[in-house]
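Here the structure comes first, spelled out in structure tokens, and everything after it is commentary.
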Amino acid sequence: MNKSIVAIATLALFISACEQGAGDDEAKPYSSRYQPMASAATLLTGATVLTGTGERLDGADVLISDGKIQAIGEGLDAGNATVIDATGRWVTPGVIDVHSHLGVYASPGTQSHSDGNEATSPNTAEVWAEHSVWPHDPGFVTALAGGVTSMQILPGSANLFGGRSVTLKNVPGRNVQDMKFPGAPYGLKMACGENPKRVYGGRGQAPGTRMGNVAGYRTAWIKAADYKKKMEAAESGKGEPPMRDLQLETLAGVLSGEILIHNHCYRGDEMSVMLDIAKEFGYKITAFHHAVEAYKIADLLKESGTCAAMWADWWGFKMEAYDGIRENAALVDLAGACAVIHSDSAVGIQRLNQETAKVMGAAARVGVDVPPEKAITWITSNPAKALGIDADTGTLEAGKMADVVVWSGSPFSVYTRADQVFIDGALAYDRFDDSVNPVTDFSLGTAAATGGAE
Amino acid sequence: MKSRRVLIGFTTFIFLTFTSTVLAQSTAIVGATAYTMGPQGTIENATIVIEDGRFVSISAGGVVPAGATTVDANNKIVTPGLFTPIGFLGLVEVGFSAGPLDMMQRGDQFTASFDVADAFNPRSTLIAVNRIEGVTRAIITPSPGFPDETGNMGHVLAGLAAMVNLGGANDSLEQRSIAMMVSLGESGSGYAGGSRAGAVLMLRSALDEAASYAVKPGELEDYNMSLSDLVALQGVLNGEVPLFVDVDRASDISVLIDVVAEYGVRAIIVGGTEAWMLADELADADIAVVLAPQDILPGNFDRLNARRESAGILAEAGVTIAFADGQSHTHNARNITQSAGNAVAYGLSRDDAMRAITLAPAEIFGVADRVGSIEVGKEADVVIWPADPLELTSYPEQVYIKGNAVEMTSRQTLLRDRYLQTDSDTPPAYRK
């Protein structure tokens, strides 16, 4: 991500921890130390390939080497590559989950593992999810068996501003730095609606209503704009910079476009208000998460270029989720807006392909055709866009990271399993070979220690 | 005002459904591939005749009786209605911060006798959402839940479950006292003062008191339980009402097997994460297991040995299994087909998977003489599918409950249709 490295030069004073790429000699604190695993050149042959760019190629080959996609087409020359016959199987980009709490709400779900919600103040923009991530969460391994190669780990939704997110490569490491997606921008979790007003209103403090929520966002942005202005003034030699403030640093990073807003928000009317707040303070909402009523405002999402990250069919577990419909993602896509299927669940993340399939079926019922080559974009290229990593991954295109899933059949069949998962060209999971598969420290000695292979 | 309009409209819709069902006549579904789940197995080109809400004949290429409404199901699949073995349908609308949760009763005044049947609402908006996806029967259960605002806890014995149909009419409550919910293991420990041993003790103590009461009914002194609880437990002691036990860890399942043998009661397990480790013992004890096949993470230390292959291992050993969606067995009771499909992906036969969502729950809860399969004399809950019912992209074309074709709409389809009108210039509230 050259763009963010350039940005560090100009904004270094108050964006102290922007990512640098792996292998950067002058790695800053908290930088990615992710290193791709050793890989061999691999040629997948004769597959049904969904490229993630909206294309479907039948009987196609995919050549992987040096950790990158080298070529896609018919009858590719294997050269030195190991050939895997993928005839009858389907090949897609690695699945990307834009909304996960793996590591911050790790399994087992004991109180000791409850590290996702800093529910001590409505604005905790100063916290970073990566400082809670436990890399030994067995959920990383089960997600891998479901084809997930990258994911965003978010703080919870108790607060108006929950804190920074972190995007990870799904290769369990010793620490979060080993897993950080090189060059991925940070996100900031915001939350609308019931959660903040319930958590804080219940304690007799603000916010206690939805209008209280909105006052809280606006007040914070006013302070952040002021902080940003003073920092920029100091940078151009006009006065001393204010004392470094972690909370304002993150918010100012949003205003300068370096940190992406990921906004938990269910109702269409509330999302509409949030878009106006973004307009008032000059930032962009990259994605609404959960977005149960996105179908009601799909045109507004298209207009603002905001993705809607949605479940297939979760509904009714609280009032703001009461109007959930299975066609939601399809209607967002139909309107020309960016649709993403997310999990928000250590169980759901294992089957984002299945969740997508349920939307396809529901859409077909009302004559909205979502072909596989379109549907796959909801869990690959569209989440990559929402995370700002689409230049590196999310599609099968020459030069991109070789994050690839070989499925036993159509990923949208309930009977299909991920056979092999490649991350940066390395075989990270093999359904037929347990010796390949990771076992977290926690799972040693349990049934899960088989790694999930059959 | 807007939400009120929607609710009024929905009530009207349910009423129309109900009145149309009253006028139902003899129906013949012809040409289908019928997965009867009964002794007739799978029948190609089946003719299924329904009269007065029951199956009267099922045969390959059979003749349609005069006067019957013919439904062409050529190239389609017909199955029994789906049967969800656990959940809170009709006991809740919105799960959180939105009114009563009628499956939860806290405190010790009434425990074993708390009966969810008296709270059941057949017109719940959840019923139609799940009905149009093929769910025709459900076991509705009490839940010990979480402490209320004043810190009152639920109880190890949470109360009585019932069987309902999803027809949405007044007569949807089919059978009360179909099982008694019990929590053991980690979840039980929370209602028993801290230890899972305390949960077992509470169960034993309740059974002991009920046995004592059976000998001298009417004498109440010295009992910890209320009269109504002691009465409710008589059904458990005499084997009419099985215990429906939430338990995961193998050691706790072992204890349950012992308690069942000692008291001569019946039991069904729900959860059963480590049940596969005791598959033969469970088969010997005739204890069925309701599983959530997708939920293979160690959510707590009771579930360390979760396995993808559980369903297949248990079925192979002769344990009767059923499924519940691990994430939402109530609002999305419909996802029972996804659970079944996932179990097939990891070793369960397709036939066993279909059985687990139709006939098996009926057998487990003792109502297989009435429902669960397409057999002459049984109540005609039938679903017509254009494609494989377990596939995620599949959906019912038509659902019948007791022979009546249900209206294939729900509040969700009404919302969908309203917002599909993207070229409409009128505000959504005026689009009907």
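The values are calculated or read from the model by the stated rules, or taken from the named source; none is laboratory data. Bear in mind the structure is a predicted one, so any value in this text is a computation, not a measurement. Cβ atoms come from the backbone with ideal geometry, glycine included; neighbour counts cover every protein chain shown. The protein model used for the area step is the full one, side chains on, heavy atoms only, and it has no ligands, DNA or RNA in it. Shrake-Rupley method; radii C 1.70, N 1.55, O 1.52, S 1.80 Å.
Taken over the alpha carbons of the stretch A:366-454 as equal point scatterers, the Debye sum produces base-10 log I(q)/I(0) values at 0.14, 0.19 Å⁻¹ of -0.65, -1.01.
When its C-alpha radius of gyration is set against 2.2 N^0.38 Å (N residues), the protein assembly as shown gives a value of 0.97.
Going 7 Å from the Cα of B:F146 along its beta-carbon direction, which residues of the stretch A:201-242 have the amide nitrogen within less than 18 Å of the resulting point? Zone members listed by number: A:201-204. Amide H contacts of A:T53 (H built 1.01 Å from N, in plane; Pro and chain starts excluded): A:L396 sit under 5 Å, all sequence-distant by 5 or more or on other chains. Between 0 and 90 degrees, the angle of helix A:268-281 with respect to the longest Cα principal axis of chain A falls at about 60 degrees.
Which of rounded, prolate or oblate describes the stretch A:304-367 when judged by the alpha-carbon gyration tensor and an a/c cut-off of 1.5? Write down the numbers at each step before the final one.
Numbers: a/c = 1.27, a/b = 1.21, b/c = 1.05.
Rounded, since a/c falls under 1.5.
Relative to the dominant Cα principal axis of chain A, helix A:352-365 is inclined by about 90°. Computed from phi, the 3J(HN,Hα) profile of the stretch A:224-241 under the Karplus parametrisation 6.51, -1.76, 1.60 (θ = phi - 60°) reads 5, 5, 5, 4, 4, 4, 5, 4, 5, 4, 4, 5, 8, x, 9, x, 7, x Hz, with x in place of Gly and Pro.
Around B:P39, what is the net charge, scoring Lys/Arg as +1 and Asp/Glu as -1 over all other residues with Cβ under 15 Å from its Cβ? Please list the in-between numbers first.
Details: positive: B:R355, B:K378; negative: B:D351, B:E363, B:D369, B:E375.
Charge balance in the 15 Å sphere: -2.
Accessible area per residue (1.4 Å probe, heavy atoms of protein chains only) ranks B:E221, A:E280 as B:E221, A:E280, with the largest value leading.
In a shell of Cβ-Cβ distance under 11 Å around A:P36, excluding A:P36 itself, what net charge do Lys and Arg (+1) and Asp and Glu (-1) give? Provide the component values of the computation, followed by the final result.
Numbers: positive: A:K68, A:K169; negative: A:D66, A:D403, A:D424.
Once positives and negatives cancel, what remains is -1.
Express in nm, to one decimal, how much length is gained between A:A391 and A:K28 on full extension, taking 0.36 nm for each residue of separation and deducting their alpha carbon distance. Please list the in-between numbers first.
Working: separation 363, 0.36 × 363 = 130.68 nm, distance 2.26 nm.
This chain segment gains 128.4 nm when fully extended.
Peptide B:297-309 has a mean of 6 when you count, residue by residue, the C-beta atoms of other protein chains within 10 Å of its C-beta. Only protein heavy atoms count here; under a 1.4 Å probe, B:Y223 has an accessible surface of about 40 Å². For the stretch B:274-319, the convex hull spanned by the alpha carbon atoms encloses 63 Å³ per residue.
Treating r as the C-beta distance of A:R56 and B:N170 and R0 as 45 Å, the FRET efficiency rounds to 0.30.
Which whole number gives the average, over all residues in B:332-338, of C-beta atoms from other chains lying within 10 Å of the residue C-beta?
Average neighbour count from other chains, rounded to a whole number: 4.
The simple Förster model, with R0 at 51 Å and r as the Cβ-Cβ distance, assigns B:T426 and B:L227 a FRET efficiency of 0.25.
Alpha-carbon geometry of the stretch A:123-278: the Rg and the Dmax are 17.4, 54 Å, given in that order. If one computes P(r) from the Cα atoms of chain B, what percent of pairs lie at distances over 43 Å? The calculated P(r) of chain B puts 15 percent of pairs beyond 43 Å.
What size of dipole, in debye to the nearest 20, comes out for the protein assembly as shown about its Cα centre when the only charges are +1 on Lys and Arg C-beta atoms and -1 on Asp and Glu C-beta atoms? Write out the running numbers ahead of the final one.
On the way: 66 positive and 104 negative charges, 510 e Å.
Dipole of the protein assembly as shown, to the nearest 20 debye: 2460 debye.
If R0 is taken as 51 Å, the Cβ-Cβ distance between A:K238 and B:D284 corresponds to a FRET efficiency of 0.05. Peptide A:57-65 has a mean of 0 when you count, residue by residue, the C-beta atoms of other protein chains within 10 Å of its C-beta.
Computed from Cα atoms, the angle from the helix A:2-11 axis to the main principal axis of chain A rounds to 20 degrees.
Taking amide H atoms as placed 1.01 Å from N in the peptide plane, the amide H of A:Y429 lies under 5 Å from those of A:V421, each 5 or more residues away in sequence or on another chain. Between the amide H of B:L243 and those of B:M180, B:R266, B:A267, B:I268, distances stay under 5 Å, these residues lying 5 or more places away or on another chain, with hydrogens modeled in the peptide plane. Sorting B:L201, A:L246, A:L43 on solvent-accessible area from highest to lowest, probe radius 1.4 Å, gives B:L201, A:L246, A:L43. Helical content of the protein assembly as shown, expressed as a calculated mean residue ellipticity at 222 nm, amounts to -8000 deg cm²/dmol (DSSP H runs of 4 or more residues, -39,500 (n - 2.57) each, divided by residue number, nearest 500). Counting Lys and Arg as +1 and Asp and Glu as -1 over every other residue whose Cβ lies under 11 Å from the Cβ of B:K378, the net charge comes to -1.
How large is Rg/Rh for the stretch A:108-166, to two decimals, with Cα atoms and a Kirkwood Rh? Don't skip to the answer; put the middle values down first.
On the way: Rg = 12.6 Å, Rh = 12.4 Å.
Radius of gyration relative to Kirkwood radius: 1.01.
Taken one residue at a time, the phi angles of the stretch B:399-414 give Karplus couplings (6.51, -1.76, 1.60, θ = phi - 60°) of 10, 10, 10, 6, x, 9, 6, 8, 5, 8, 9, 8, 4, 5, 5, 5 Hz. Gly and Pro are set to x. When A:F412, A:F442 are compared by accessible area at a 1.4 angstrom probe, the order from most to least is A:F442, A:F412. A:R56 exposes around 100 Å² of accessible area when a 1.4 Å probe is run over every protein chain in place.
Size of the dipole of the stretch B:155-283 about the Cα centre, Lys and Arg at +1 and Asp and Glu at -1 on the beta carbon, nothing else charged, in debye to 20?
Working: 6 positive and 18 negative charges, 27 e Å.
My answer is approximately 120 debye.
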